[in-house]
Amino acid sequence: MRSIRIANFKPEMRRFIITLSMAFAVVLSAAFTAKAQSQNFKLGQWSEIHNSILKELNRSYVDTLPLDRIMRAGVDAMLEELDPYTVYIPEEENEDLQMMLSKTYGGIGAIIHKKKDENVIINEPYAGSPAEKYGLQCGDEIIEIDGVPTKGLETKESSDRMKGKPGTTVVFKVKKVRTGDTLDIPVVRERIHFPDIEYAGMLDDTTGYILQSGFTENVSGEIRSKFQELKKQGMKRLVLDLRGNGGGLMSEAINIVSLFVPKGSLVVTSKGNTEESAREYRTESEPLDTEIPLIVMIDSGSASSSEIVSGALQDMDRATIMGKRSYGKGLVQSIKPLPYNGQMKVTTAKYYTPSGRCVQAIDYSSRNEDGSVGHIPDSLTREFKTAGGRIVRDGGGITPDVDIDVPDYSRLVYALVLGGVIDQYVIDYSRRHESIPAVDDFHFSDEDFEDFIRFAKTQEFDYRSSAKTLYDQMKKELVKDGLAESMKTELEALEKALEMDKERFIRLKKDEIVPFIEEELATRYWFQEAGVKVRLRYDEQLKTALTKPLI
């Protein structure tokens, strides 16, 4: 269609059009001004009401006001009306914020186990940590921390006393796990950093593998280094595993994408309500390798920066995305300072992949039990196209090119893991075994499993099957409805069929249980990387991915 130029009209028509345009501009400007004034008025009105309520309560309320509690509750309730990621962080929680942003803290570098009215147990020291350097082992009992008995402490208080400024010393009174000796062990705290690269190695003669768990500063540099090492070992294709990776710094996501695509490629676009929030982010460095085949593994726990990496590489047809649909967090947060050393993590923009998709879930208040995006019909989503013309959709997360099911675990396994039964067994095992074979040669034997059964039978945990829990709930509902008595015979028969004693159920689920025990034992004796190697041994989703054709 040809454009119509105003110069083609008669003079009186031109004057009319110009006058009309100016009038429209004035009306539009007035509308925006009125909206801004209305917002400002409402904000001022609410501030005045809020302050008046607090003053009146302080003056008139029958009891002493718990000011700290009600003010925090009020702030949290206000922010809950927005999105799940806009939160207030008071000064006393700044350490937790730094832990979230940088995965670092000052301490000794160990996971502890604590039961009420019992001593602290060293559960899992980290490789190279002060805990390891000063000889603390899985199963060691911490009787005192700087002279304070641990039996009377809660878990958090024990942990807080072990943390502290790097370079400071904490003194533990320790009962050693194998000798039974009680020693005073001074430990110098260090800055503990949880690595973003949990493991890098070769899965076979030609397949390299990198497990990335976060996006803190310089993880892209670590991936560059690991990639080069794997190339020297004969890598011909790479698996980048982002399953369970909840994200982090957007800048690191961009830097990771830049390793595999041409310089100047568009990675992500952000859009918000301010001019500074509307930006395009492109790669700024020369790539490391634009040809090597890439597999990126994602799941419902892959969020934020993980979705930027997988979405960008998918849109550029640079990688084959495999696994399950990602979490669906397409929001950008910024940290804003507040009075009295508080901070607010506030959502300032949404981000979009190169094809124009926003991965933010359409309704982030309606999710599955694991937090992942629920089913979204195609009618509520829009189509976009990758660089090669493949169709991809928005509406919630990154949908993999190759969907691969995750193995289902029985309710019993969840009870053993989340209930701490396996953890307790591993600590007990460590007390009785000074060493285990090297991780590649280590397997939990049939004799070991019998030992685990004996231990598990002494522990209190809910070992009902999923079917039995549904039956118990159904029976309660039948009792409420007055139908249980009339169905007594049928219910008793069904209950008898569903009943299974603890030992029998554990034996039935041996193949599910053993990998978890092996991983935990490998971690205690050979640290975290060994645990990952055992996990890979049983990773059926990854094994399936390696058999699939790439795009």
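The values are calculated or read from the model by the stated rules, or taken from the named source; none is laboratory data. These numbers come from a predicted model, not from an experiment. We place every Cβ from the backbone using ideal geometry, glycine too, and count neighbours over all the protein chains shown. Ligands, DNA and RNA are stripped out before the accessible areas are found, and what is left, the full protein with its side chains, is counted by its heavy atoms. Shrake-Rupley method; radii C 1.70, N 1.55, O 1.52, S 1.80 Å.
Quick grid of which residues meet (1) modelled with pLDDT of 90 or more; (2) open to solvent by 50 Å² or more (accessible area, probe 1.4 Å); (3) among the aromatic types (Phe, Trp, Tyr):
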residue: Ala484; (1), (2), (3): no, no, no
residue: Lys488; (1), (2), (3): no, yes, no
residue: Lys496; (1), (2), (3): no, yes, no
residue: Leu521; (1), (2), (3): yes, no, no
residue: Tyr525; (1), (2), (3): yes, no, yes
residue: Ala530; (1), (2), (3): yes, no, no
residue: Gln541; (1), (2), (3): yes, no, no
residue: Thr547; (1), (2), (3): yes, yes, no
Seminar exercise, completed: When every residue in region 264-303 that is assigned to a loop (DSSP other than H, G, I, E, B) and acidic (Asp, Glu) is compared, the one surrounded by the fewest Cβ atoms within 10 Å (Cβ to Cβ) is Glu291
Problem set entry | Count of residues meeting criterion [part of a loop (DSSP other than H, G, I, E, B), without any contact (Cβ under 8 Å) to a residue 40 or more places away in the chain and open to solvent by 10 Å² or more (accessible area, probe 1.4 Å)] in region 313-355 | 1
Problem set entry | Given (1) at pLDDT below 85; (2) open to solvent by 70 Å² or more (accessible area, probe 1.4 Å); (3) of a type outside the set (A, V, I, L, M, F, W, C); (4) not in a loop (DSSP other than H, G, I, E, B), number of the condition Arg59 does not satisfy | (1)
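A quick yes/no check of all residues on (1) without any contact (Cβ under 8 Å) to a residue 60 or more places away in the chain; (2) more than 26 Å from the chain's Cα centre (by Cα):
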| site | (1), (2) |
| --- | --- |
| Arg72 | yes, no |
| Leu82 | no, no |
| Pro90 | no, no |
| Glu93 | yes, no |
| Leu97 | no, no |
| Asn123 | no, no |
| Ile143 | yes, yes |
For this session: Collect the residues in region 393-419 that are surrounded by fewer than 20 Cβ atoms within 10 Å (Cβ to Cβ) and touching a residue at least 60 places away in the same chain (Cβ under 8 Å), keeping them in residue-number order.
Result: Val402, Asp403, Ile404, Asp405, Val406, Pro407, Tyr409, Ser410, Val413, Val417
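Hey, does region 457-471 have a residue that's touching an Asp or Glu at 6+ places or on another chain (Cβ under 9 Å), more than 30 Å from Tyr429 (Cβ to Cβ) and surrounded by 11 or more Cβ atoms within 10 Å (Cβ to Cβ)? Break it down into steps so the answer makes sense when it comes.
Kept after step one, since they are touching an Asp or Glu at 6+ places or on another chain (Cβ under 9 Å), are these residues of region 457-471: 457, 463-464, 468-469, 471.
Keeping just the survivors that are more than 30 Å from Tyr429 (Cβ to Cβ) gives 471.
Filter again for surrounded by 11 or more Cβ atoms within 10 Å (Cβ to Cβ), leaving 471.
Among the residues of region 457-471, at least one is touching an Asp or Glu at 6+ places or on another chain (Cβ under 9 Å), more than 30 Å from Tyr429 (Cβ to Cβ) and surrounded by 11 or more Cβ atoms within 10 Å (Cβ to Cβ), which makes the answer yes.
Select the helices (runs of 4 or more DSSP H) contained entirely in region 403-504, then report the ones holding at least 3 residues which are among the aromatic types (Phe, Trp, Tyr) and over 30 Å from Ser302 (Cβ atoms).
Numbers: elements: 411-418, 421-432, 446-456, 466-480, 488-498.
Helices (runs of 4 or more DSSP H) meeting the threshold: 446-456.
Are any residues in region 112-127 of a type outside the set (Gly, Ala, Ser) and loosely packed, with under 15 Cβ neighbours inside 10 Å, and if so, which ones? Reasoning before the result, please.
Within region 112-127, the subset of a type outside the set (Gly, Ala, Ser) is 112-126.
Of everything in region 112-127, those that are of a type outside the set (Gly, Ala, Ser) and loosely packed, with under 15 Cβ neighbours inside 10 Å turn out to be Lys115, Lys116, Asp117, Glu118.
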